[in-house]
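A short write-up of the structure that comes next.
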Amino acid sequence: MNRNLLFPCILLASSALMAQAVLPIGNRRECFFDTYLLDMGMTNAELLLHHPVYQGSVLVHDAPWEGSGCNYHNLFFDDAYKGVDGTNEKGTYRLYYLGWQAPPHGPGHKPWHGIVACYAESPDGLHWIKPTTGIEFGEHKETNIVLKTDVNHTGGIDNFMVFRDDNPACPPEARYKGIGVGKGGLRCHNSADGIHFTEGDVITNKGAFDSLNVIFWDPAINSYRGYIRGFHATTNPRIKSPVRDISYIESKDFKTWSDPKLLTFDDGEDIPQYTNLISPYFRAPHIYIGFPTRYIERLGWNGSFEELGGKELRQLRMKNLEPREGLTITDCTFIVSRNGQDFHRYWNAFLRPEMENGANWVYGDCYPSRGFTVTPNTYPGCPDELSMYVPTNHLMQEPAQLSRYTLRMDGFASLHAGARESYATTKVLTYEGENLYINFETSSMGYLFVTLIDASGKRFASCETFGNTVDRKVVFDDPEAVKANAGKPVSIEFRMRDADVYSMQFR
């Protein structure tokens, strides 16, 4: 590719730099999940969505109060909690989910029971236990239930999301908050220990809440952010109106909340979204990411349903429940935002249903947990990776299982170049630090060159960079280049072939 055709104004770099607004990034990690940092007029590399890899089951929902309907998993790392036996010195991953056996689809299937909220925990994200909580279930005296209707809840349980409230003004007895449907709307449940909950106040009654509704304290704005189920009308003949969607609410004090406002998306598609799973990305908390479940309901039975696995149960669900229980299939997308309200949404799926096995390609597939764990790499000697969790066997009259999926750190999306050499240039920015580190990979023939361009147009180039690691120091021809330009307006040029850059950080 002729670089001069791509950048006809390269000789005007100095004036172009001076004319742009400067983005101060300090020494925070910047991930290439969106185009926020990029000057798209000087970029022909693409953003590429990546996909997590299945690693097997880690938890079976086979208790009498669990079953094939177990879903809405959500977890967080609690460095203040040492585990039920007190041995997790570094902290504990805490997992919450709904426990229920789906209604019977026909003769011989297991009986239905009411929905309960359950709890599990892990020191490492690999090995999970179900601690005893003190709540009984029928004849069963020892369970991992933390909430059920006849003990400490008004109304039915359709969802239950828990977070640790790190607002400095939060009282100890409400340090852990459970969010779920209750009498009067979306309701809070308070706990001092994350296991024993008491019902609190209604958060809002403006909306529909039969989804995993998400709330968390965001120190960046000194407020609580909430993401709840919403709807909007559509004229799209292929989609039933109203369309499932995501709304945003906000509060300074957890008492007075703003009216719900629909999120905006930049892809122009009218896509039903059943969940949201939005949170600040823990390695770059100024970036908000989410994993909405796409709800795709075919308008009628066709030949593909005849050949799709699980035909008998699909038809039973349609007959005994409602048609959408057989005609709907779900998958999972990836969304990203810099302000928490306006999102870039990738059109292609982040997580597809796995190969047909008779128990998937159904309504309820690809509902990942909210939250991640950091786990040892499956490839020996390599850096830790991210794990996320997805339930399987939904509505199959067999115990649901929680499966682990992995991807590299910051590995949701990348700045990508294929077989042809490509370029990407950032907007003008300032940084703090003496070295630049990148999370990247190339093929053996692939390469990456990084160049700093200062306000006068002077270029500070790196050597050829190749390999595959999450934290590589970029070596510049001038070893003082990064230090010398710290605090000054520069742009960064990536020249790359058969390569991906996931994130960068000055340190």
Given a Förster radius of 25 Å and the C-beta distance between Glu89 and Val374 as r, what FRET efficiency does 1/(1 + (r/R0)^6) yield to the nearest 0.05? 0.95
Over segment 53-407, what relative contact order in percent results from Cα pairs under 8 Å that are six or more residues apart? 16 percent
Subtract the Cα-Cα distance of Arg459 and Ala233 from 0.36 nm times their separation in residues, and report this length gain in nm to one decimal. 76.2 nm
For Ser304, what charge total do you get from the other residues with a beta carbon under 15 Å from its beta carbon, if Lys and Arg give +1 and Asp and Glu give -1? -1
Sorted by Cβ density within 10 Å, fewest first, the residues Leu402, Leu23, Leu395: Leu23, Leu402, Leu395
So what is the calculated 222 nm ellipticity per residue for the chain, using -39500 (n - 2.57) for each DSSP H run with n of 4 or more, over all residues, to the nearest 500 deg cm²/dmol? -1500 deg cm²/dmol
Grab the Cα-Cα distance for Glu297 and Asp471, subtract it from 0.36 nm times how many residues apart they are, and report the gain in nm with one decimal. 58.4 nm
Once the other residues with Cβ under 11 Å from the Cβ of Ile249 are scored (Lys, Arg +1; Asp, Glu -1), what is the net sum? +1
If a/c stays under 1.5 just call it rounded; otherwise compare a/b with b/c (prolate if a/b is bigger, oblate if not). Do that for segment 366-507, with a ≥ b ≥ c from the square roots of the Cα gyration tensor eigenvalues. prolate
Taking a crude spin-label model, label points 7 Å out from Cα along the C-beta direction, the Ala80 to Ala21 distance in nm is 3.7 nm
Just check segment 429-507 against the gyration tensor rule for me: Cα atoms, a ≥ b ≥ c as the square roots of the eigenvalues, rounded for a/c under 1.5, and otherwise prolate or oblate depending on whether a/b exceeds b/c. prolate
The exposure ranking of Lys311, Lys148, fewest beta-carbon neighbours within 10 Å first, is Lys311, Lys148
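For segment 53-407, what does the alpha-carbon gyration tensor say about shape, rounded, prolate or oblate, given a ≥ b ≥ c as the root eigenvalues, a/c under 1.5 as rounded, and a/b over b/c as prolate?
Since a/c stays below 1.5, the shape of segment 53-407 is classed as rounded.
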Provide Tyr54, Tyr423 in ascending order of the number of other Cβ atoms located within 10 Å of each residue's Cβ, fewest first. Tyr54, Tyr423
Give me the distance in nm between label points sitting 7 Å out from Cα along the Cα-to-Cβ direction at Glu434 and Asn44, one decimal. 3.9 nm
On a C-alpha basis, how far is the centre of segment 224-238 from the centre of segment 359-431 in Å? Whole number, if you could? 25 Å
Nearest 20 debye, what's the magnitude of the dipole of the chain about its Cα centre given +1 on Lys and Arg Cβ and -1 on Asp and Glu Cβ? 700 debye
How much net charge surrounds Lys473 when only other residues with a Cβ under 13 Å from its Cβ are counted (Lys, Arg +1; Asp, Glu -1)? +1
Between Lys141 and Thr264, what length in nm is gained on full extension when 0.36 nm per residue of separation is reduced by their alpha carbon distance? 39.5 nm
Coil-residue GluC sites (Glu not before Pro) of segment 412-470, DSSP, other Cβ within 10 Å capped at 15: Glu432, Glu434, Glu464
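Any read-out appearing in this document is the output of simple, stated calculations on the displayed coordinates, not a laboratory observation. Here the structure is a predicted model, which is why all the values come from computation and not from measurement. Every residue, glycine as well, gets a Cβ built from its backbone with ideal geometry; the counts of neighbours run over all protein chains shown.
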